[in-house]
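Just so it is clear, none of the values below were taken in a lab; they were calculated from the coordinates. It should be emphasised that the depicted structure is a prediction, and the values quoted were computed from it without experimental measurement. Because the Cβ atoms are built from the backbone with ideal geometry, glycine has one as well, and the counts that use them run over all protein chains shown.
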Amino acid sequence: VDIRGAARDVVERMGVLPAIRAASLGERGFAFVDEHGKHQASLPATFMGGEGIVAEIEILRGELSSILRHRTRHTTEYRFDDSVESLVEGEDGVQATFVNGPPRRFDLVIGADGAHSRVRKLAFDADDSRWIAPLGGYTAYFTLPFRIETGGWFVIHNAPGGRAIGVRPGGQDSTQVMLSFLSPPLGYERQAAVQQKVILEETFAGVGWEVPRVLAAMWSATDFYFDLIAQVRMEQWTRGRVGLLGDAAYSPSPVTGLGTSLALVGAYVLAGELARSGGAYDVAFAHYESVMRDYVTQCQELPPGGVEGMLPRSRRAIWMRNESMRMMTRWPIRNIVAPVFHKADAIVLDDYAASAQSPRACADSVSTVANCP
């Protein structure tokens with residue numbers, strides 16, 4: 001995941017920016033490669049001041065989660081291996097029941113539990129189809145227990161038919177893999193992992209480069225994740241004493257590269273407004289929605305070409321996309337496309353610490369449900 005724009009200010013104010021920089025992957029940039037692994041077009045990590053396709057700060061999701069958990073370990077209660085089963089709101093709080101743990105009452109419940117949010121379903125009384133907008137494809141992520149040498153670049157190889165494999169350096173002796181393909185929504189995201197792996201094997205059959213080795217190793221991956229390429233679009237992110245943030249409220253999709261940054265900024269704004277409100281959660285929720293709405297709208301705008309720009313259908317379309325990427329580094333095209341790469345800066349963050357009560361006093365009575373390794 002990458003940390004861009006205003007999100008860098010957030011982690012700096014949290015005091016974790018040095019730890020995040022120390023754990024970052026240090027990628028050299030982004031490149032499209034042919035079936036022999038030869039670069040066809042590339043953008044260095046320094047492109048657009050570190051706000052290009054590969055950002056200045058790229059970090060493994062698990063590393064970021066560990067840093068944030070370590071920073072908050074003394075002021076936050078973490079409960080693992082559990083999930084919310086029901087939410088019942090009353091006049092003075094929300095009664096929550098859990099699959100494994102005892103029932104608890106909270107003043108507020110904040111759902112940060114991903115695009116398929118359980119909290120959203122319980123609080124807003126609607127299934128995923130009400131909020132999730134498919135963009136025309138599927139994507140899978142997993143880790144390989146060996147290195148595919150990329151020279152420190154995040155590289156993508158496209159194959160005709162709207163298929164792509166992306167590989168990037170992982171931790172020591174590992175590689176992060178992405179497999180994506182164009183498709184209308186067919187319910188694949190609801191199938192078991194073994195069926196999803198079969199779909200990937202069939203879809204990528206005959207694709208060269210590193211694909212055969214990746215598909216063989218996919219079957220033993222322990223962190224396999226498969227989902228629609230989609231956005232979450234909601235008219236309102238709060239209801240009563242329940243609020244949503246991050247992908248649960250406004251996932252911009254992997255195509256934008258802004259999901260993590262948007263979640264960090266949203267969490268900062270929501271926490272700041274709650275701390276400032278002195279217990280008037282309804283006022284805090286209203287301000288959160290007001291501050292974030294335009295920013296979310298901009299961050300959800302897809303880059304030129306949308307999903308098919310990332311997953312061209314034909315060899316000619318792949319060639320044209322590569323040519324357009326080469327042109328991005330040249331004037332005047334560079335100036336024309338610059339706004340696409342600076343959406344993460346399209347918000348001015350308030351200094352809540354100057355006017356708020358202790359965030360800890362607010363957090364004592366708030367349950368946050370999040371996806372966390």
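What is the Cα radius of gyration of the stretch 42-176 over 2.2 N^0.38 Å, N being its residue count?
1.43
Which of the peptides 75-88, 227-240 is most tightly packed, and how do the rest follow, judged by the mean count of other Cβ atoms within 10 Å per residue?
227-240, 75-88
What whole number of Å gives the distance from the Cα centroid of the stretch 234-268 to the Cα centroid of the stretch 289-320?
So the two Cα centres are separated by 17 Å.
Grab every C-alpha pair in the chain, bin the distances at 10 angstrom width from 0 up to the longest one, and report whole percents.
5, 22, 33, 25, 12, 3, 0
Can you compute the FRET efficiency between residue 22 and residue 225 using 1/(1 + (r/R0)^6), with r the Cβ-Cβ distance and R0 = 25 Å? Round to the nearest 0.05. Can you show the working numbers first?
Details: r = 26 Å, r/R0 = 1.04.
According to the calculation, E is roughly 0.45.
Quickly estimate the mean residue ellipticity at 222 nm for the chain, helices only: each DSSP H run with n ≥ 4 gives -39500 (n - 2.57), and the total goes over all residues, rounded to 500.
Helix contribution divided over all residues of the chain: -9500 deg cm²/dmol.
Between the helical axis of 281-299 and the dominant principal axis of the chain, each derived from Cα atoms, what acute angle in degrees is found, rounded to the nearest 10?
The answer is roughly 10 degrees.
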